[in-house]
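Below is one structure, written out as structure tokens; the observations come after it.
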Amino acid sequence: MKKSSKLTRAFLLKLELRSHPTLLCVIRGALGPLMEMLGFSAEHSREIIRAVDEAVSNIMRHSYQGRLDQPIEVYCNRLQRRANGETEQGVEILLFDCGPAVDTTKLPARPLDEIRPGGLGLHIIRGSMDTVQYKRAGRLNRLRLVKYARSSKGGCGSAAEKPS
Amino acid sequence: MNISSRRVDKATILDVSGNIDMSNSPEVRKALLREIRDKAVTRVALNLTAVEYIDSSGVASLVEGLKASRESGSRFVLFGLSDSAREVLKISRLLKLFEIYDDETQAIAP
């Protein structure tokens, strides 16, 4: 995965893994202590881990269509921002995969009043994180997830983010 | 993840341990449908006491179990949910859809 290796920022954590579902527990296991170190509450940690787990599952299922040996990269970094006169700590998580470009118009989270299995992953990701941004970067898919320790959903768009 | 079943009175209790995610949620689905559809058990209780994490594919398996139980006229209940399991059902707006109990005694009470 060449493009993502051009990232010049020093990340707190970088994981390179294959698209095998049995590795999802490895990602969850790595993120837990990191979120604790970054000062997230147990509840916010679970939200972040859940969002990343769902995002990686989506890559495995949809981008790679169940192929087990495809590359996925996960980068985590600390963020800070000033909001309402206070400094808030946050985390930025970047996910890269080499699958075909995602047509974001075909990714609506399904209506939650429908009682049927499936289609919940995207809703969980959006409901757990402050920022969810997809971008096609060359031949890679890049998903950027951001969450702040004291954030409440919907109130984070005005503050400027900067990597610390 | 491990899953095993036992009978208590007229109910079947499925004891699950470990985490439920994309790698193993089909096993949960299979076990639920076997009890509800194939064996036509009148009450199936899923013991999640030893499950810390459930992802959306696990939730989908629970929804399938619920739908199957409604179709067959049986009861499908959950008990022993962790904070994480409760949260994922809540964010999916499914928390109120399931019969959820704190422990086994409540889950299999008549």
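The values are calculated or read from the model by the stated rules, or taken from the named source; none is laboratory data. Here the structure is a predicted model, which means the values were calculated and not measured. No Cβ is skipped: glycine too gets one built from the backbone with ideal geometry, and neighbour counts run over all protein chains shown.
Collect the residues in region B:90-99 that are among the basic types (K, R) and assigned to a loop (DSSP other than H, G, I, E, B), keeping them in residue-number order.
Of everything in region B:90-99, those that are among the basic types (K, R) and assigned to a loop (DSSP other than H, G, I, E, B) turn out to be B:R93, B:K96.
Which numbered condition trips up B:V88, out of (1) in contact with a Phe, Trp or Tyr (Cβ under 6 Å, 6 or more places away or on another chain); (2) crowded, with 20+ Cβ neighbours inside 10 Å?
(1)
Please count how many residues of region A:14-56 are under 14 Å from B:S23 (Cα atoms), touching a Lys or Arg at 6+ places or on another chain (Cβ under 9 Å) and in a loop (DSSP other than H, G, I, E, B).
Total meeting the criteria: 1.
Please go through region B:48-80 and give me each residue that is under 24 Å from B:T105 (Cβ atoms) and either touching a residue at least 60 places away in the same chain (Cβ under 8 Å) or among the β-branched types (V, I, T) (or both), ordered by number.
B:T49, B:V51, B:I54, B:V77
Given A:V56, A:V91, A:V74, which one is within 14 Å of chain B (Cβ to nearest Cβ), of a type in the set (A, V, I, L, M, F, W, C) and within 16 Å of the chain's Cα centre (by Cα)? Can you show your working first?
Working: A:V91 fails: within 14 Å of chain B (Cβ to nearest Cβ); A:V74 fails: within 14 Å of chain B (Cβ to nearest Cβ).
The conditions single out A:V56.
Would you be able to tell me the number of residues in region B:63-110 that are of a type in the set (A, V, I, L, M), out of contact with any Lys or Arg (no Cβ under 9 Å at 6 or more places or on another chain) and within 18 Å of B:D38 (Cα to Cα)?
Of the residues in that region, 1 qualify.
Inspect all residues belonging to region B:32-44 and state whether any of them is within 13 Å of chain A (Cβ to nearest Cβ) and closer than 13 Å to B:T12 by Cα.
Yes: region B:32-44 contains one or more residues that are within 13 Å of chain A (Cβ to nearest Cβ) and closer than 13 Å to B:T12 by Cα.
Listed here are the residues, each with its yes/no results for (1) closer than 15 Å to B:N19 by Cα; (2) at the interface with chain A (Cβ under 7 Å from one of its Cβ atoms).
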residue	(1), (2)
B:A60	yes, yes
B:V63	no, yes
B:A68	no, no
B:L78	no, no
B:V88	yes, yes
B:R93	no, yes
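I'm trying to understand the selection: among the residues of region B:34-46, which are free of Cβ contacts under 8 Å to residues at least 60 places away in the same chain and touching a strand residue (DSSP E or B) at 6+ places or on another chain (Cβ under 9 Å)?
Residues satisfying the conditions are B:R34, B:E35, B:I36, B:K39, B:V41, B:T42, B:V44, B:L46.
Among the residues of region B:55-62, are any more than 22 Å from A:L122 (Cα to Cα) and over 11 Å from the mean Cα position of the chain (by Cα)?
no
If I ask for residues that are more than 15 Å from A:L145 (Cβ to Cβ), assigned to a strand (DSSP E or B) and modelled with pLDDT of 95 or more, which ones from region A:57-82 would you list?
Within region A:57-82, just A:P71 meets the criteria.
Of the numbered conditions (1) closer than 24 Å to A:H62 by Cβ; (2) in contact with a Phe, Trp or Tyr (Cβ under 9 Å, 6 or more places away or on another chain), B:A60 satisfies every one except a single condition; which is it?
Checking B:A60 against (1) closer than 24 Å to A:H62 by Cβ; (2) in contact with a Phe, Trp or Tyr (Cβ under 9 Å, 6 or more places away or on another chain), the one that fails is (2).
So A:L68 passes all but one of these: (1) within 14 Å of chain B (Cβ to nearest Cβ); (2) crowded, with 17+ Cβ neighbours inside 10 Å. Which condition number does it fail?
Among (1) within 14 Å of chain B (Cβ to nearest Cβ); (2) crowded, with 17+ Cβ neighbours inside 10 Å, the lone unmet condition for A:L68 is (2).
Which number in (1) modelled with pLDDT of 95 or more; (2) closer than 22 Å to B:S57 by Cβ marks the one condition that A:H44 misses?
(2)
Collect the residues in region A:140-158 that are in a strand (DSSP E or B) and either in contact with an Asp or Glu (Cβ under 6 Å, 6 or more places away or on another chain) or at pLDDT below 95 (or both), keeping them in residue-number order.
If the condition is that a residue be in a strand (DSSP E or B) and either in contact with an Asp or Glu (Cβ under 6 Å, 6 or more places away or on another chain) or at pLDDT below 95 (or both), then A:N141, A:V146, A:K147, A:Y148 are the ones that fit.
Restricting attention to region B:46-62, does a residue exist that is touching a Lys or Arg at 6+ places or on another chain (Cβ under 6 Å) and of a type in the set (D, E, K, R)? Walk me through how you get there before you give the answer.
First pass over region B:46-62, keeping only residues touching a Lys or Arg at 6+ places or on another chain (Cβ under 6 Å): B:61.
Next, only the ones that are of a type in the set (D, E, K, R) stay: none.
Scanning region B:46-62 turns up no residue that is touching a Lys or Arg at 6+ places or on another chain (Cβ under 6 Å) and of a type in the set (D, E, K, R).
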